[in-house]
Structures are given as C-alpha cells and as structure tokens.
Amino acid sequence: MGPAFYIAGAVAVLSTLMVITRYNIMHALLYFIVSLLSVAVIFYVYGAPFMAALEVIVYAGAIMVLIIFFVMMLNLGPQTAGDEARWLTPRIWIGPSILCLVLLAELVYLILQPTGQAGDVITVDPKAVGMSLFGPYILAVELAGMLLMAGIVGAYHLGRQKKKILHRFLERTTE
Amino acid sequence: MMLPVFILLPVLGAFLAWLASAVNKTLPRWVALLVMLAGLAISAGMWWQVQDDIYFIGDRWLQTYELPWMPRFGISFSLALDGLSLLMLVLTFFLGALSVMVSWKEIKERSGFFHFNLLFVIGGIAGVFLTMDLFLFYFFWEVMLIPMYFLIGIWGHGNRLYAALKFFLFTQAGGLLMLLAILGLYFVHASATGTFTFSYFALLNTPMAVETGRWLMLGFLVAFIVKLPAFPFHTWLPDAHTEAPTAGSVILAGLLLKTGAYGILRFVIPIFPEASQFFATWVMLLGAIGILYGGKLAYAQTDFKRLVAYTSVSHMGFVLVGAFAFNPLAYQGVVMQMITHGISTGALFMIAGSLYERLHTRELEQMGGLWPALPKMGVVTMVFVMASLGLPGLGNFIAEFLILAGSWQAAPWITVAATAGLVVATIYSLRIMQKVFFGTSLREYKLPDLSLREMLMMAPLIAAIIWLGVYPQPVINVAQRAMPSVAVHSTK
Amino acid sequence: MMNTTMEGLVLAGILFVLGLISMLIRRNIIFMLISVEIMLNAAGLAFIVAAARWGQPEGQVMFMFILAMAAAEVSVGLALILQIYHQLKTLDSDEASKMRG
Amino acid sequence: MQWIYLIPALPFLGALLLVLASGRIGKTGVTLIGCGSVGIAALVTIVAGLQFMNSGQAGYVQHLWDWVSIGTFRIGMDLRLDALSLVFTFVITFVGFLIHVYSTGYMADDPDFARFFACMNLFVGAMLLLVLGDNLLLLYFGWEGVGLCSYLLIGFWYKDPANGAAARKAFIVTRVGDTAMAIALFLLVQHTGSLQLGTVLARAQELWTTGDPTVVLIAFLLLGGAVGKSAQLPLQTWLPDAMAGPTPVSALIHAATMVTAGVYLIARTNALFVLSPSAQAAVAIVGAITLLLAGCSAFVQTDIKRVLAYSTISQIGYMFLALGVGAWSAAIFHFMTHAFFKALLFLGAGAIIVALHHEQDMFKMGGLRKSLPGVFLVFLIGSASLAALPFVTSGFYSKDQIVWLAGAAAGGNAFYSLAAVLGAFITAAYTARMIFLVFFGQEKTHVHHKPGPVMMAPLYILAVLSTLAGFIELPHTLGHLTLLSDFVSPVLPGVVTVHGGVALEWGMQALTLGLVALATWLAWRLLAAPFPDGLKQFLKNGWGFDDAYNVMFVQPFVKLAKINRRDVIDKIYTGLAAVTRGFHRAMSATQSGILRWYVMGIVMGAVIILSVIIWREYAV
C-alpha cells in the first residue's frame, strides 16, 4: 500500500480524534468533514473512485452541511460549548476508552488472522456497480428510495414548529 | 346422557346469575342456590338409584358420554361416571349449595360476578370429576383455577392479592408439570401403539419403559400433591384459606383439595401402577410428615382460619398415606376422608366466617368465653372439632381408621407416625374449643346466636357427618367398584 | 505481514471505535448523531475495502445503501433533536430519560 | 333380650333431646329426661339380665346394622350381652342412675343444668356402648366417646382456664394410650382380618402359640390403651387433675365407670393376654407399682377429692394386679365393689363440699361428725369398705381375694403379695387420715346447708350396696361362696391357684386385719406429726411425673410450635420469590432511559461475543 493510504489514514484518524475531543460543535463538524475527505481519498486508493466522489458530494457536501445549518439554526451559543467542557471530564473517558480499546484489540486480532491469500486491490468500475444496483438489487434501490421519502416526510412532520401540545405520555410524566 | 348436565348446569347458571344481577342485587344468589340444589338433587338421585343395584352391575362405569371434539389430535369430549365420581359430584353440589348460603349476607358488592365465579368453579370441579379425556381434564383443571383466583382476589380479606397470586402460582406450576406429563404420555402412547389419543381408557394400558413411567408419574403426582396439598408444597394453602371469603374457603378446602386426591386415585395409580409402587414408601412418608407437621403448625397458629387451614394439611396427609397403601381398606378410607374432610373442614370454615361476621376478627387471642353468648354455635363447633380429631361416631373416624388399618399392612412405621397424628390432632382441636368458647370472656358479648339460615346450613352438615360415622356403607358400596385394580390385587 | 485488505479493515476498525468512544462519552445529542455518522462511515469503509478485495460490486452497492440510509437517518434524527430541544430546552440526552422501567 | 339396643340408645336419645331442647324445657323437664333415660336403661338392663340368666346362654349378640363392610372385613353395629358386659352394664346404669339423681340436687343451682345432664347422658350412652359392643371397633367407639364426655365434664366450669387445662390434659393423655390401642387394632385387622371379639379371640388361638412376638406386641399395645384410660403408670397423671369437674362427674366417670374401662378391655381380651405371659406380667407389675405409688400420694393430699382420686388410681392398680396374675373374676369383683364404695365416697365428699360452700381442703374441714351425721355415717361405711374392714364390708371380700391371689394364683409371686399387703396398709392409713381430718377434731368451717333427700337417698342406697355387694363372693375361709365367678366363668377363665391354699388365705386375712388396725392407729398418731417437707411435696405432686412429662414432652412441643409458627417451609418459596424479585429489580434498573448506558450494554455484548468467538475458535 502506498504512502497515499498511510497519509490519508493518519489524517482520518487524527481528524476523527479531533472530532471527538472538541467542545464546540462547529469545530467538530469541520474536523469531521476533513475526516470524510481523507476517507474519500482512501476509497480512491481502494479502487472506488465513484464512491469517493459520492462520499465527498453526499456525505461531506450534503449531510454535513445539513447538520451545520441545523446547528446554526438552533443558535446554541457558547453555553453549549461550556456544557460540553463540563460534561467531558477526564474521568468519563476512562471506562468507555478501555472498553472500546478492548473491542478494537479484539477486532484487530480477528482481522489479522491469516485467512486465505492476500489479494491485490481490484478496481470495480462504476458501471459494474450500476449494473448490479439496477439488476439484482433493484428492489433494495426501491426500498432505499422509499426510505429517503419517508425520511423527508418524517423530518418535515417532526420538524414543524408545533404548538406546545405535549404528547399524552410526556404530559403525565413531566408534572 | 345426564353427564354433560352436571357441567352445563353450573356453567350456564353462572352466566344466568351474572345477567340476573342486572335485574336485582339479590337475584344472583337465588339463581345460584337453585342451580346447586338442582345439581344436588340430580346427583343424589343417581346415588340413590345405583345404591341398590351396585352389586349387580358388572361394569365399573355407571354412565358414559362421548362427543368428538378434535378427532385429529385424539381429543374428545369424553365423560364417564363411576362410584368415585358420583360421590365427588354429590359432595360438590352439597358444598356448592352451602357455599352459596354461607355468602348470603357476606357478599355485598358485585354479587352477580361473585356468583358467576362461584358457579364456574363448581362447573370446573364437576368437569374434573367427570372427564375421561386427559386434555379435557387439563382444561377443566385450569377452568376451576381462574374463577377461584378472582374469588380470593376480589372478595378476600386484607392480604388477598398476595394470597390469590400465591395460590395461582403454586397450582399453575403444578398444572404445567402435569401438562408436560400428559403430553409425554400422549406421545409415548402414540409411539408405542401408533394412535394419538388423550382418552383415559386408551392411555390406561400404555406400555412404557420403567424409567419413562416413573418420570411421567412424578409429573402427575407433583400437580396433585401441590393441590392436595402435601408437605412440602402446602404453604399456599394457609394464605389462600385465610384470605379467601368464607365461600371460597369452603370450596377450597372442601372441593379443590379433593381434586388432588381424586387425581391420584384416578390417574396416578391406575396409569402408573409400577411407578406408584416404586415411590409408594416415599409418598407415604411425605403424607406422614404432613400429618405431624401440619398438626404442629396448626397448634401454633393464632388465626382461626389459618389454624383450620393447617389442619387440612394434616388431614390430607392421611389421604396420601392411604392412597399409596394399595389396599381396599385404605382406599375406602381415602374416599371417606375426602368426603368427611370436605364436610368437617367446610363446616369449621363456615363457623370461622360466622364468628368473623360477629366479632370482626379471626384472632383466637381476642376470642374466648363465647359459650354463654353462643351456645348453639358452641355445640356445632364442638361436633366438628371432634370430627377433626377423629372421634368415633363421626365420619372422619371411619376414614382415618380405615386408612391407618390399611396402611399398617403396607408400612407399619409410617402408620405409627400417622397414628401419632391423632394425638396431635387432639391437641390442636381442643385448643380451638378452649380459645374460642371456653375460658373467660374478654368483654361481655351480646351477640346473636346462630340464625335460622345458619342453622339450616349447619344441620345438614352435622347430620351428614354423624350419618357417615355410624352408617358409612352407602359410600363404601358405591366406591367399591371404582377401586383401582392395584388396590384390589394386593389384597391379602 | 499485513496486506492491503487488513490495513484497510484495521483503519475502519480504528475509526469505528473512535466513533464508539465518542458515542459513550457525549451527552449532547448532536454529538451523538455525529458519532453515529463516524461509525457509519467506518462501516462503509470496510465495505469498500471488501469490494476491493474480491473485485465484486456488492461492497460498493452496500456503501451506497449506507449513504442513503445515513441521509435519511440524519434528516429524521435532526428533526427529532429539534423537537426535543423545543420540549426540554436542552440537548442533554440524559434529560430525555423519563422512561422508567 | 331383644331390647338391649335400648340400653345405650336411651341415654343417647336423652342427650340428643337435651341438646336440641336446650333451655326450652325447664329444670323439671331436664331432670325427667336426664334421669329418666338412665333409669329406664337400668330397668331394661335388669329385665334383660334376668332373661339372660334364665336363658342359660353364654352370650347373646344383637345385630343392628352393618357398620363398615369392605370385602371380607365386616364390622357390624352389634351388641353383645354376656356375663362380663352384664356386670358392667348393671353397674353403669344403676350407679349412673343414682348419680344422676344425686346430681339433680348437687347441680340444682347451676345455670348450665341442661348441658350437664346432656353430657352425663352422652357419657352413659358411650360407656354402655363400650361394654356392650361386640367388636373392638365399637368398643373403641365407646372408648373415645367416654373420653370426649370426660373432657366435656372435667371442663364443665369452663370459665376457669385451669379446668380447661385439666380437661385437655385428660383427653390428650388418654389419647396417647388410645393411639397404642388403635395400633393394636390395626395389628388384629392385619392378622385376624376381623375385629369381632369372638372371631379375634378364636383366631388368636389358632394363629399364635404362647409367647409369639406378634400377640405379645398386641397385648402390650392393648395394655397401653388400658393404662391410659385407667390412669395407671405411666399415664396416671391426668386423673388427679380431672377432679376439676363437678363431684358427681368424678364419682361416675373418674371412679365408678370410665376409669375401669381398661380393666374391662383386658378382661375382654383375656385370651390375648393368656397367650402372651410377658404382657400379662406387665399388667401385674404396672398394677402393683401403681397401687403403691398412688397410695403414698393419697396419704399427703390436702384436697379431699384428690385423696379419692389417688385412691381410685391405687384401687384400679389392685384390679390390674388381679388381671395380671390371672385372677380375672377377682378383678371384676373388685371393680364392682369399688364402683359402689368409691361412688359413695365421692358423692359423700360432694355433699360435704356443697355443705361447706365448695371448700375442698380437708385441713379446713373437721368436726363434721356432729353437723352432718348422715353423711358421716355413709362416708364411714364407704371408707371402711375402701380400707377393707373385715367381714362387714364389700371391699374386704373383693380386696382380700386379690391380696390372696396375688400370691396364690398361677401368675402370682411373693412380690405381688407384698405389694398388695403393703397397699392395703397404705389404703387404710390414708382412709383413716381422711376420716379423722374431715369428721373429727375442731370444726373449722361452718356448714351452710345440709344436703337434701335427693342427695342423701342415693348415698344410703350406695351405702347398703357397699356393704352387701361383698357377700356374693365369700372366701374359702368364710363359707366359700362363688356366685360372681361362676357367673362370669363362661367369659373369663377361672383362676388357678398353685402357691398354697386355705392356710395362706387365713394368714393373709389375719395380716390384713392387723395392718388395717395398725394403719388406723398410726394415722391417728401421725395426724399432727411433722412430715419432711420435700418428700411431702414430692408425694403430693404424684412422684414428679407431671414435671417430668412437662419437661420431656409438653415444653419441647410448645417451644417447637412457637418457634416455627411462621412455617419455615414457606421461607423456601418466599426466598424463591425474593430471588426473582431481586433479579427483576436488577433488570429493570438497566432500563434507565439514559441512552449511553444502552450503548455501553451493546458494546459489552459485542466484547463478550467476540471474546467467546476468539476463545473458542482461535485460542488453544
């Protein structure tokens, strides 16, 4: 594997680390976009240029921008960052980190098990992806389409500024 | 063709009583009483009929009724009546009628639903005593459980929900074991003979491996001795009895416990003769422990109903000892014990209920010296206390004597322990009289003695217990033919 | 000793675990949503690596589905967060723990 | 004779009527029903007895109905009239009738007059069933029935908890013996297949040789029942306490009839005892020891009724001794005379107690010779009979026979004779002490009212009987009349004398006479003499049996019951429930609503699953 992979991988890991340590949401999001871009590079290295493009356009471009706009809409201000600083004490890191590192160790151990011969990177051209998407997976594509539709409708419905009518379950418990 | 009537009558009556409550608050109890009396009349009439020609009928079964239900699985609506079932039916409707009368004044709320449950329990019990299809048997076994749960849970005393739940869990756990055993038997029979059937008559002669038979037998046995209840599965009984309304206690003690004994006589011993013989000593030992342990605990209680409940544990120990002695004397004793215990303990619970109505307590420490105020009740109580300690001349003596005389031939040492139970019975029984009626009264009671309704309840009970004590032959004759063949074969 | 596939998978694993850590320590719901995105992305990377290993399009197809799902999830999730924020005036997920067993 | 079913039926009917009519028929009605039923029964007994004696039959059985009949095991409601049951029936109905009449005076002021007579009638009925029953189950019926009535009547004055305790003690202690007897019945059912007396005794002779372990066991168990009912060692403790009941009850139940049921039982099943010599010897030993122990206790009592109670135990000891040595008819003879004179003594004591306004302490009596001359006379006659004053009292003839046969009969030996003679000495001593304390010396309590004719008439009749009844059976030395033993000979085997003849009898009589005189003199001298306090208390408490039983049986039982009131077995199930509930709590705690904990749970699960996979697939 060439240096491109190692550089992009290091950038991805480092920027993700930055994401999870930021107090400010905006900073975190920007680091996350960096992380996504470097992952897109890795996609390219792994012979999936079309997916790399999608990653940049859809993930980094659309989804992240959606979140950024959303955060801006909420207009959270500095007190959110203060909250984060208060909540993220060093102590809270210990347990989850150990647990997750154990998980990582196990994953790596499993990945590193010698299973078959190492293959080289085989490029899959977008045409083949398109053929199988609209061939055997046509039903899944339809379902994904419906999911997106439901997501739009659901988001619209939930996101409407409703009058202060609490749900009946919440109503009873909030008292 | 009479057999479905015994089940349909109370079940339809139950719905009728519920409907009647819409018309009038007091109508349900009249409906219930009429239904019970009708059932009593029919069953007693049949008893009267077969009484004379009992010796001439070659067949053991007096009547059978068969209606296919789910033929694909070998399930049919199969009923049959033999002497044992007949006696149990008479007892069921007798105590059923009394339990309606005993709740005449006690139940003030939701009387429609109360009588619905009461009649439904009776219907379930009648079904248990009549059915000869194991699937149907399990069905009725559950049918009598649920209305009883409501009877305790809705109309009971203070800690009623706990008691109802305990009762339900114990019997349900036992019932599920029985269901497993029934299904096991079903498949064992199918694999041996190729026919899938739940019919009692077919399953009676199921060839099976010795080990299999023992396990299946234990499944049945546990269900029945939980219901009986025998040591160490008895602890649901005191709670259920104590918290239940009077009618509930009467039905529990008088009838529900008998279904356990009936099950042992009807299913466990005939279907698994070898396994029964194998476990006989241990089961008899459990019975003897139950007699002594129940008696000792009865002595220690201060709550009247709890005391009587533990006496039930003690008395039901005799059933267990007798049933596994495989001997005609012991068998007849067990049948007698089922009937006489139903009468005597039922009566004691009615007395407890009457006392509670007057004093609003069940605590023995708060009673005492009631004889001058309640002489009639004192005499009645004396009769049943004496019955419970096994005084000759009263039915319980015949039962206990026959059981012990029979079991002596099977297991002398266990019988000695069981006989010592008679002394313990004396100790706790006399304690009842002393604590309630004798001694000095704490305050000057001005209490009404037994009312006409109560006398009408007590008089048949006293008559029955004395009649069974001096002339038990009608019962013995009718029960004779229903004896499991194991008992007959081991006759010397 | 490590071939290309393993390297890619290890990277995916590291990214996934980082997302997981973030998920566990954050109380802010938006951060939790971002953590989910990190993990989804890591999973997508694993699919791409697998596709490269076998030379089959299915891995990339799966990535596209993940992408679609992430988009839908983010839109619905943000709408929900909006509602919670309106109801509770905070983004603290622990505040929304009124469900009691 | 076909009327004999009326003999037990009448008192039962009387009891039933009295219970049903409670309070509605007035005192006269109660008296009529209560006394009338027993009186008519006594008349029927006399008529039936005369018919029976004329008929010359050995026994007459009346079958009423099948009681329990299962296959070959058949027990009928059968009544049997033979010499033995006739003697008992006669005593029960006749003495019973007199005591009923006496009671109408004694209990006249009691508010529970009707209940008293109901219980008394029930008792007489049950007792008659006991002696008339043709099978052992019917005998057991009566046996338990009299136990019930004894319980009811001891605790008659129920307001005092001590009376209730005494009543329960009586019932429970006798029930212990009854249990032994029940087991004997089970054994008989097992081996002979029947409980019908004739069948059982006949089968016993076919089945068992002398000394066969089974028959010995049966005889011992029957003895267990007998010692319980007859208050013999080691179950004698209930009788002194039973004096808590009204005095007529003590006279009827605890002196004349019920307590001798044990004697009846052993006499009835004599064939079984003959087959088991060790059991028969045990009967004699129990009797000998009991008569001495109880006699000693009687000597130090202060309560007049307790003196008589211990005296009863002691006298029944004589009967057991007689049964044990094989002098069957002597035991029955002593039963009969004892019934007369002990009933007389109790009723006399009752008259004194009523006259002194329920004072029972002898040390508070004294000098009653002058204020109650009638009672003094009859009491003296009774006491003389009890002390076996020679020649004129019935007690002399019956006891003398036992004293002689204790040594002379086939089963007798010197030890028994010694015990019997010593017992006679003690009897005379405590009797004399009682007479001196009650009737002589200073008057300490004033006589309230004298007993009326209703109470005195039965006393006079019993006094006459206490004297005359002895003359139906005279010893070899004095004419040798054997009316009673001839009469009962079809039922009871005759006595075999081996150890000496008339000469020994002469010697015994002379010895007894001397000892009675000596004892009377000693009692007079010792009246005021100091007695070691500890010993006195020990004797007074009946040799400490009560305390011993209390420590050995009563206390542990009560303690065990108290400790385990809540039923330890239930702890298993509540424990099970608690474990389930704890588990439920733990599980529901995880549903905290805090999202991160859920994620944590998922991660943990993943870690665990991966660990398992690694461990199973790749580790060693």
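Can you name the residue in the stretch C:16-30 that is within 7 Å of chain A (Cβ to nearest Cβ) and over 18 Å from A:LEU101 (Cβ atoms) and, of all such residues, is surrounded by the fewest Cβ atoms within 10 Å (Cβ to Cβ)?
C:ARG27
Taking the stated definitions as given, is D:VAL30 surrounded by 19 or more Cβ atoms within 10 Å (Cβ to Cβ) and free of Cβ contacts under 8 Å to residues at least 60 places away in the same chain?
Considered against the rule, which asks whether it is surrounded by 19 or more Cβ atoms within 10 Å (Cβ to Cβ) and free of Cβ contacts under 8 Å to residues at least 60 places away in the same chain, D:VAL30 comes out as no.
Would the stretch C:33-41 turn up any residue that is of a type outside the set (A, V, I, L, M) and more than 8 Å from chain A (Cβ to nearest Cβ)?
No, the stretch C:33-41 has no match at all.
Taking interchain pairs and intrachain pairs at least six residues apart, which have beta carbon atoms under 7 angstrom, with the first residue in the stretch D:533-557 and surrounded by 11 or more Cβ atoms within 10 Å (Cβ to Cβ) and the second aliphatic (A, V, I, L, M)?
If the second residue must be aliphatic (A, V, I, L, M), the pairs left are D:LYS536/D:VAL300; D:LEU539/D:VAL300; D:LYS540/D:VAL300; D:TRP543/D:LEU293.
Can you report the number of residues in the stretch D:73-89 which are within 14 Å of another protein chain (Cβ to nearest Cβ) and either assigned to a helix (DSSP H, G or I) or in contact with a strand residue (DSSP E or B) (Cβ under 8 Å, 6 or more places away or on another chain) (or both)?
6
When you scan the stretch A:82-95, do you find a residue that is more than 9 Å from chain C (Cβ to nearest Cβ), within 14 Å of the chain's Cα centre (by Cα) and at pLDDT below 90, even just one?
No; the residues of the stretch A:82-95 include none that is more than 9 Å from chain C (Cβ to nearest Cβ), within 14 Å of the chain's Cα centre (by Cα) and at pLDDT below 90.
List the number of the failed condition for D:ALA108; all other conditions in (1) under 24 Å from the mean Cα position of the chain (by Cα); (2) surrounded by fewer than 24 Cβ atoms within 10 Å (Cβ to Cβ) hold.
The number of the failed condition is (1).
Mind checking which residues of the stretch B:29-54 are modelled with pLDDT of 85 or more and over 25 Å from the mean Cα position of the chain (by Cα)?
none
For the stretch D:350-376, enumerate the residues that are buried (at least 18 other Cβ atoms within 10 Å of the Cβ) and within 16 Å of D:PHE440 (Cβ to Cβ).
Hits for the stretch D:350-376 are D:ILE352, D:LEU356, D:MET362, D:MET365, D:LEU368, D:ARG369, D:LEU372, D:VAL375, D:PHE376.
Being touching a Gly at 6+ places or on another chain (Cβ under 8 Å), more than 10 Å from chain B (Cβ to nearest Cβ) and aliphatic (A, V, I, L, M) is true for just one of D:LEU136, D:LEU50, D:LEU130. Which residue is that?
D:LEU130 is the lone residue from the list that is touching a Gly at 6+ places or on another chain (Cβ under 8 Å), more than 10 Å from chain B (Cβ to nearest Cβ) and aliphatic (A, V, I, L, M).
For the stretch D:572-620: of the residues being within 9 Å of another protein chain (Cβ to nearest Cβ) and under 59 Å from the mean Cα position of the chain (by Cα), which is surrounded by the most Cβ atoms within 10 Å (Cβ to Cβ)?
D:TYR573
Could you tell me which residue of the stretch A:102-115 is farthest from the chain's Cα centre (by Cα), considering only residues that are at the interface with chain C (Cβ under 7 Å from one of its Cβ atoms) and surrounded by fewer than 18 Cβ atoms within 10 Å (Cβ to Cβ)?
A:LEU112
Restricting to the stretch C:27-57, count the residues that are without any contact (Cβ under 8 Å) to a residue 60 or more places away in the chain, over 17 Å from A:THR123 (Cα atoms) and basic (Lys, Arg).
Qualifying residue count, the stretch C:27-57: 0.
Could you run through the stretch D:586-615 and say how many residues are hydroxyl-bearing (Ser, Thr, Tyr), assigned to a helix (DSSP H, G or I) and more than 15 Å from A:PRO96 (Cβ to Cβ)?
Total satisfying the criteria: 3.
Write out, first by first residue and then by second, each pair whose Cβ atoms fall under 8 Å of each other, whose residues are 6+ apart or on separate chains, and whose first residue, in the stretch C:58-70, is facing chain A (nearest Cβ under 7 Å) while the second is among the aromatic types (Phe, Trp, Tyr).
So the pair list comes out as C:GLN60/A:PHE50; C:GLN60/C:PHE47; C:VAL61/A:TYR137; C:PHE63/C:PHE47; C:LEU67/A:TYR59; C:ALA70/A:TYR59.
For the stretch A:64-140, give me every one of the helices (runs of 4 or more DSSP H) that falls completely inside it and has 1 or more residues that are in contact (Cβ under 8 Å) with a residue 40 or more places away in the chain and under 19 Å from C:LEU45 (Cα atoms).
Per the criteria, A:126-133.
Does the stretch B:289-310 hold any residues that are more than 14 Å from chain D (Cβ to nearest Cβ) and out of contact with any strand residue (DSSP E or B) (no Cβ under 9 Å at 6 or more places or on another chain), and which are they?
Matches in the stretch B:289-310: B:LYS305, B:VAL308.
Considering the stretch C:42-57 alone, what residues qualify as being more than 7 Å from every other protein chain (Cβ to nearest Cβ), aliphatic (A, V, I, L, M) and more than 30 Å from A:LEU88 (Cβ to Cβ)?
Residue satisfying the conditions is C:ALA50 alone.
Given the conditions (1) in contact (Cβ under 8 Å) with a residue 24 or more places away in the chain; (2) of a type in the set (A, V, I, L, M); (3) within 14 Å of chain B (Cβ to nearest Cβ), and given that D:ILE70 satisfies all but one, which numbered condition is not satisfied?
With (1) in contact (Cβ under 8 Å) with a residue 24 or more places away in the chain; (2) of a type in the set (A, V, I, L, M); (3) within 14 Å of chain B (Cβ to nearest Cβ) applied to D:ILE70, the lone miss is (1).
If you check A:LEU148 against the conditions, is it modelled with pLDDT of 75 or more, among the hydrophobic types (A, V, I, L, M, F, W, C) and in a helix (DSSP H, G or I)?
yes
Could you list, in sequence order, all residues of the stretch A:46-80 that are surrounded by fewer than 18 Cβ atoms within 10 Å (Cβ to Cβ) and more than 22 Å from C:VAL74 (Cβ to Cβ)?
Selection gives A:PRO49, A:GLY77, A:PRO78, A:GLN79.
Any chance you could count how many residues in the stretch B:457-482 are outside any helix (DSSP H, G or I), in contact (Cβ under 8 Å) with a residue 60 or more places away in the chain and over 18 Å from B:HIS341 (Cβ atoms)?
Count: 2.
Is it the case, given these coordinates, that A:GLY159 is within 7 Å of chain C (Cβ to nearest Cβ), of a type outside the set (S, T, N, Q) and more than 28 Å from D:VAL603 (Cβ to Cβ)?
In short, yes.
If I filter the stretch C:88-101 down to residues being surrounded by fewer than 16 Cβ atoms within 10 Å (Cβ to Cβ) and facing another protein chain (nearest Cβ under 7 Å), which single residue comes out as farthest from D:MET587 (Cα to Cα)?
C:ASP94
Any idea which of (1) within 13 Å of chain B (Cβ to nearest Cβ); (2) of a type in the set (A, V, I, L, M, F, W, C); (3) closer than 21 Å to D:PHE156 by Cβ is the one D:TRP65 doesn't satisfy?
Going through (1) within 13 Å of chain B (Cβ to nearest Cβ); (2) of a type in the set (A, V, I, L, M, F, W, C); (3) closer than 21 Å to D:PHE156 by Cβ one by one, D:TRP65 breaks only (3).
The values are calculated or read from the model by the stated rules, or taken from the named source; none is laboratory data. Source: prediction; values computed, not measured. Here Cβ is always computed from backbone atoms with ideal geometry, including for glycine, and neighbour counts include all displayed protein chains.
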